[in-house]
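Encoded as structure tokens, the structure appears first; notes follow it.
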């Protein structure tokens, strides 16, 4: 059953697992910090935002939001862009990957963890 938070954000049944929302599962799979999960939950896959805007959205300063966003980019959960401003300046923008891609990454991560657990139980090196 999809909990109210997931339903409110329009994430489908495929993005839910055993009563945990997709963001909690992705946080576990990618070993994210609590702030990273809050940022991931709050940003959109359709609208790009600056680190400053994300910071305001989640109630953190720009540098904290920036660190979380960069961690999410490294994990492949956010997409980083660049927006130019005159004269000769720019700032980075961020958006979350789509709900479907998020569900796929969570599923793939859980499969990898499951294989490592099985290898460990069988006495093999799980790495």
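The values are calculated or read from the model by the stated rules, or taken from the named source; none is laboratory data. These numbers were taken from a predicted model, which means no experiment stands behind them. Reconstructed Cβ throughout: ideal geometry from the backbone, glycine too, with neighbour counts over all protein chains shown.
Of the residues in segment 87-101, none is without any contact (Cβ under 8 Å) to a residue 12 or more places away in the chain and touching a helix residue (DSSP H, G or I) at 6+ places or on another chain (Cβ under 8 Å).
Filtering segment 69-102 to residues that are modelled with pLDDT under 90, at negative phi and outside any strand (DSSP E or B) leaves 86, 87.
Among the residues of segment 84-127, none is identified as surrounded by fewer than 16 Cβ atoms within 10 Å (Cβ to Cβ), touching a strand residue (DSSP E or B) at 6+ places or on another chain (Cβ under 7 Å) and under 25 Å from residue 25 (Cβ atoms).
Specify the residue that is farthest from the chain's Cα centre (by Cα); the eligible residues are those in segment 2-48 that are on the phi > 0 side of the Ramachandran plot and at pLDDT below 50. Out of the qualifying residues, it is 18.
In segment 46-64, what residues are closer than 18 Å to residue 81 by Cα and in contact with a helix residue (DSSP H, G or I) (Cβ under 9 Å, 6 or more places away or on another chain)? Lay out the reasoning, then the answer.
The first filter runs over segment 46-64 and keeps only residues closer than 18 Å to residue 81 by Cα, leaving 46-55, 62-63.
Scanning segment 46-64 gives 49, 50, 51, 52, 53, 54, 55, 62, 63.
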